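Engineer: Once you've had a glance at the structure underneath, I'll fire off some questions.
The values are calculated or read from the model by the stated rules, or taken from the named source; none is laboratory data. Treat the numbers as computed from the prediction; the structure is a model and nothing was measured. Note: ideal-geometry Cβ built from the backbone for every residue, glycine included; neighbour counts use all protein chains shown. Quick note on the areas: whole protein, heavy atoms, side chains included, nothing else; ligands and nucleic acids left out. Shrake-Rupley method; radii C 1.70, N 1.55, O 1.52, S 1.80 Å.
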Amino acid sequence: MLEAIKVTEQLHWPETEMAKKFVLSPSEKPLSPSQLYLERWSPGVLKDLFGTSSYNGILQNEEEEHQSPKGSPYRRPKRTQRLVSAASRQPGVRPIVLIRPKGGYRDSNQSQIFSSSTRLGNNITVLGNPISLTPRPISRPIRISQASSSRIKLPLLAGENTAKKLCILAAIKPSNVESEKTRFFKSDFIYNPQFEYSNPVAPQVLEKHNNASDRFLTQAVRIMELALQKYGNYEKFEQATGGNLLTKSRIWSHVKKYMEKEGCVGEIVVHLTDDLLSRASMTVVNGRPTLTINISTAREQWLEGMLRHEIGTHYFRGINNSQQPWSSGAGRKKLGLRPLNPTEEGLASIHSVLFRRDPTLWRAALLYYTVYQAGHMSFCQLFRDLGRFVHDPNTRWDYCVRAKRGQTDTSQPGCFSKDQVYLDGILKILRHREKIDFQLLTALGKVSYEDMERLKGLAVMEHVRIPHFLQDQSRYSEQLRKIMEVNRLTDEELRTLI
């Protein structure tokens with residue numbers, strides 16, 4: 001299935017370069033080199049694509065500019081689809097250039113192959129599936145940029161002497177997690193792991209993230225207890241609502257179909273791995289936007305929700321953000337913007353459960369609860385405590401590691417509090433859902449819903465990209481109401497809390 005996809009090598013974390021790099025774009029028929037126009041992502045754009053930038057950016061000291069396409073801001077210009085596979089950067093390995101013409105796809109063996117010495121263009125025009133916005137009536141019209149502003153100055157990436165800086169999520173993943181897991185399981189779950197790190201994070205940085213909140217703890221526990229009443233335990237909930245685990249070939253097929261719906265085939269490198277604490281992540285690897293999917297959690301009913309989370313939310317809001325006046329740190333500071341979280345992860349988490357038959361917010365609730373308890377418990381105490389919600393010891397281990405990552409001696413109370421941002425953001429967005437224009441929130445890029453009103457008059461709306469699931473706003477609103485009902489959330493309760 002999908003003959004164009006070839007596995008090159010195993011994925012390793014994160015000391016060695018990730019492999020299994022693919023852009024899902026098999027070719028219909030071979031074209032000549034004169035028909036190709038290859039382009040390279042600017043690192044300035046990449047910084048803003050993954051807007052939880054303090055977590056997801058691998059930074060490089062480089063600045064580039066790109067030319068925006070001319071014409072109507074909401075019509076896709078006619079062009080040849082430009083697709084490039086990400087071949088492993090090893091001697092003797094040649095990248096395969098794949099073209100998607102109007103006719104469709106065919107076997108990659110019939111694609112044109114060029115040597116790695118082929119010179120590539122230096123610019124990129126961000127295109128894909130620009131869609132006309134149909135926002136709710138607003139008092140002030142959205143200003144559309146003029147053709148005279150077609151060149152966008154991209155922000156300079158942080159860093160000195162072009163040295164790459166590991167993102168915090170990579171830095172706080174223990175390097176000895178497997179050996180400590182073995183030791184923990186052999187101890188009958190009474191040993192507190194002693195984690196080691198290849199690139200330890202400064203204590204003052206970790207302290208900033210050791211601040212668990214109990215603001216929504218009652219709601220988190222209630223959401224999980226409702227699921228337990230209905231399904232009995234997490235494992236039954238997972239099977240009933242998520243379905244069976246997918247094979248690699250079916251994952252590739254689902255990802256390809258989703259990218260076709262969003263018009264982003266050829267833009268994102270895709271990795272499959274079983275060595276990931278989360279279900280998926282959007283990062284930058286070797287200068288390319290990269291989606292890494294955890295195959296051990298990829299279930300048939302949940303996979304599209306994950307793609308809406310990572311691509312339809314994080315990636316598209318990042319693309320839109322890159323052309324806004326607030327795309328740089330200096331621009332955000334000048335306008336006094338609020339942090340993009342919890343809006344960014346809250347919105348993405350809503351999109352994860354959108355259109356599910358049962359949109360129970362179990363994962364967001366369990367992450368919130370686990371972080372809070374980790375701030376008051378040792379690792380083995382936390383592991384035992386989670387047993388009331390999750391039976392499987394491997395699943396419990398994963399949640400405990402997420403909450404305790406960054407710590408060396410896990411016998412001490414302490415947490416990495418980022419995982420509370422999901423439920424926090426979900427509840428705040430649901431609280432204000434009647435006032436939020438969700439198409440506009442996506443078009444504005446990496447901003448908080450609280451900043452929307454004052455930014456809409458400053459926004460550049462040419463070539464903004466809106467995911468397909470946001471086109472029918474009436475259906476979208478109905479799904480938000482369903483999420484409220486299934487999780488027993490009321491407007492009165494949320495108004496009291498927020």
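Engineer: As an exercise: evaluate S179 against (1) surrounded by 12 or more Cβ atoms within 10 Å (Cβ to Cβ); (2) more than 27 Å from the chain's Cα centre (by Cα); (3) assigned to a helix (DSSP H, G or I); (4) modelled with pLDDT under 95 and give the number of the one condition it does not meet.
Structural biologist: Against the list (1) surrounded by 12 or more Cβ atoms within 10 Å (Cβ to Cβ); (2) more than 27 Å from the chain's Cα centre (by Cα); (3) assigned to a helix (DSSP H, G or I); (4) modelled with pLDDT under 95, S179 comes up short only on (4).
Engineer: Closer than 23 Å to R431 by Cα and touching a strand residue (DSSP E or B) at 6+ places or on another chain (Cβ under 9 Å), is that true of H309?
Structural biologist: In short, yes.
Engineer: Just give me the residues in the range 313-350 being open to solvent by 30 Å² or more (accessible area, probe 1.4 Å) and under 17 Å from S281 (Cβ atoms), in sequence order.
Structural biologist: Listed by number, the list holds a single entry, N341.
Engineer: Give the range 392-419 a look and list any residue that's touching a His at 6+ places or on another chain (Cβ under 7 Å) and open to solvent by 40 Å² or more (accessible area, probe 1.4 Å), or say none.
Structural biologist: The answer is P413, and nothing else.
Engineer: Which one of the conditions (1) more than 30 Å from I172 (Cβ to Cβ); (2) open to solvent by less than 40 Å² (accessible area, probe 1.4 Å) does T273 fail to meet, given that it meets all the rest?
Structural biologist: (1)
Engineer: Could you list all residues from the range 231-260 that are open to solvent by 80 Å² or more (accessible area, probe 1.4 Å), more than 13 Å from I293 (Cα to Cα) and out of contact with any strand residue (DSSP E or B) (no Cβ under 7 Å at 6 or more places or on another chain)?
Structural biologist: K236, Q239, K257
Yes/no matrix, rows are residues, columns are (1) small (G, A, S); (2) closer than 23 Å to L354 by Cβ:
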residue	(1), (2)
S411	yes, no
T442	no, yes
H463	no, no
L480	no, yes
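Engineer: What's the number of the only condition in (1) open to solvent by less than 10 Å² (accessible area, probe 1.4 Å); (2) without any contact (Cβ under 8 Å) to a residue 60 or more places away in the chain; (3) in a helix (DSSP H, G or I) that I436 fails to meet?
Structural biologist: Single failed check for I436: (3).
Engineer: Which one of the conditions (1) of a type in the set (D, E); (2) surrounded by fewer than 17 Cβ atoms within 10 Å (Cβ to Cβ); (3) in contact (Cβ under 8 Å) with a residue 24 or more places away in the chain does E462 fail to meet, given that it meets all the rest?
Structural biologist: Among (1) of a type in the set (D, E); (2) surrounded by fewer than 17 Cβ atoms within 10 Å (Cβ to Cβ); (3) in contact (Cβ under 8 Å) with a residue 24 or more places away in the chain, the lone unmet condition for E462 is (2).
Engineer: Show the residue pairs that are 6+ apart or on different chains and have beta-carbon atoms under 6 Å apart, the first residue being within the range 292-317 and more than 18 Å from E262 (Cβ to Cβ) and without any contact (Cβ under 8 Å) to a residue 60 or more places away in the chain, the second being assigned to a helix (DSSP H, G or I) and of a type outside the set (D, E).
Structural biologist: Hits for this filter: A298/I251.
Engineer: Then there is this: State whether one or more residues within the range 281-288 are at negative phi and either assigned to a helix (DSSP H, G or I) or surrounded by fewer than 20 Cβ atoms within 10 Å (Cβ to Cβ) (or both).
Structural biologist: Yes; the residues of the range 281-288 include at least one that is at negative phi and either assigned to a helix (DSSP H, G or I) or surrounded by fewer than 20 Cβ atoms within 10 Å (Cβ to Cβ) (or both).
Engineer: Please find, among V447, V460, V421, the residue that is under 25 Å from G331 (Cβ atoms) and in a helix (DSSP H, G or I).
Structural biologist: Only one candidate qualifies: V421.
Engineer: Would you mind finding the one in K482, K446 that is charged (D, E, K, R), touching a residue at least 12 places away in the same chain (Cβ under 8 Å) and open to solvent by less than 10 Å² (accessible area, probe 1.4 Å)?
Structural biologist: One residue alone meets the criteria, K446.
Engineer: On the given criteria, is M259 of a type outside the set (V, I, T) and either within 26 Å of S448 (Cβ to Cβ) or at pLDDT below 95 (or both)?
Structural biologist: Details: of a type outside the set (V, I, T): yes; either within 26 Å of S448 (Cβ to Cβ) or at pLDDT below 95 (or both): no.
Judged against the criteria, M259 is not a match.
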